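The values are calculated or read from the model by the stated rules, or taken from the named source; none is laboratory data. Predicted model, so just to flag it, every value in this text is computed and none were measured. Here the Cβ positions follow ideal geometry from the backbone for every residue, glycine too, while neighbour counts run over all protein chains shown.
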Amino acid sequence: MARRPIVALTFLVALAAGCFGTEAPPAPREIRPDGWNGARLAVGYVGHATILLDLGGTYVLTDPALFDRVGVALGPVTVGPRRTVAPALPLARIPPLAAVVITHAHFDSLDLRSLRALPKDATLVGPPRCRDLLGDLGFRRYVELGWGERTTAGDVTIEAIPVNHWGRRYPWGAWRGYNGYVFEKDGLRVLFASDTAFTRDFARLRDGGAPPILAILGNGAYDPWIRNHADPEQVWQMFVDSGARWLAPVHWDTFRLGREPLGDAMRRLVAAAGPDADRIVFHAIGDEWTLPDTGGTP
């Protein structure tokens, strides 16, 4: 029995030791929102589920993960997956934000270190039962949204919508909410649903009125986690169901969270899209996209 604390301590030391090493290589390119020039809609892929969204000059940041690792903090060390590529937007160049949105409490989407590092003059939006994690971080305003509930941040409306995922911080912890979101300004709607298994629920966005112009959907960690994350063919089907004109795939090739090899998610997604592959707006971390001048509707 006396050996067990020693074995446990040795295990923790070994985990912590794995957190040191060389920094992740830089992203293929860096996002430069100062070059978006007042577009009605622009997005930049920072990495994983982190998107900088510009709706006509109103900026929203999703699921910020801005450091080398995500996971459990043991003092100054974070034990968890290491990035394969650095964030495509340094903290110092993030523009003033109207909102920061969190989809759910998993460590790769709710990264406390990143949230503490962000400027606090923004509305922080989270799912239900996350106040103990998010409520005292110092943001100007904190709002929890359940499915179908809305709030505003600046002149952007934010609605929480259902996704097919799960919502604990730890596998054995208390149950928490989990959201997708629809952002809307001046008639433009954007769907953000990073972590979700396959669902047909996004069809209601198409059938209930103006569909989103852009769908931002998770496309990774499906092997073996297909019950929690859609595979690329399912991602394309959910995109088609939503009625969106453009697709921004996220949640791929930033952290190794599944067994699929790097590059598999995007290769399969492009193949699933076939002749419509030009509707996919992200192909590398650091990619940027602005709504074409000729397209205000799908």
Criterion violated by residue 211 - all others in (1) in contact with a helix residue (DSSP H, G or I) (Cβ under 8 Å, 6 or more places away or on another chain); (2) part of a loop (DSSP other than H, G, I, E, B); (3) surrounded by fewer than 20 Cβ atoms within 10 Å (Cβ to Cβ); (4) of a type outside the set (Val, Ile, Thr) satisfied: (3)
First in segment 220-232 and closer than 18 Å to residue 247 by Cα, second anywhere and among the β-branched types (Val, Ile, Thr), Cβ under 9 Å, 6 or more apart: 220/250; 220/254; 229/196; 230/196; 230/199; 232/270
Positions within segment 218-250 being closer than 19 Å to residue 108 by Cβ, in contact with a Phe, Trp or Tyr (Cβ under 7 Å, 6 or more places away or on another chain) and assigned to a strand (DSSP E or B), in sequence order: 248, 249, 250
Qualifying residues in segment 15-47 (those that are loosely packed, with under 10 Cβ neighbours inside 10 Å and either assigned to a helix (DSSP H, G or I) or among the polar types (S, T, N, Q) (or both)) - the one modelled with the highest pLDDT: 34
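Results for (1) assigned to a loop (DSSP other than H, G, I, E, B); (2) farther than 30 Å from residue 171 by Cα; (3) at pLDDT below 95; (4) among the acidic types (Asp, Glu), shown as yes or no for each residue.
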position: 95; (1), (2), (3), (4): yes, yes, no, no
position: 100; (1), (2), (3), (4): no, no, no, no
position: 109; (1), (2), (3), (4): yes, no, yes, no
position: 125; (1), (2), (3), (4): no, no, no, no
Residues of segment 167-186 that turn out to be more than 30 Å from residue 211 (Cβ to Cβ) and part of a strand (DSSP E or B), as a count: 2
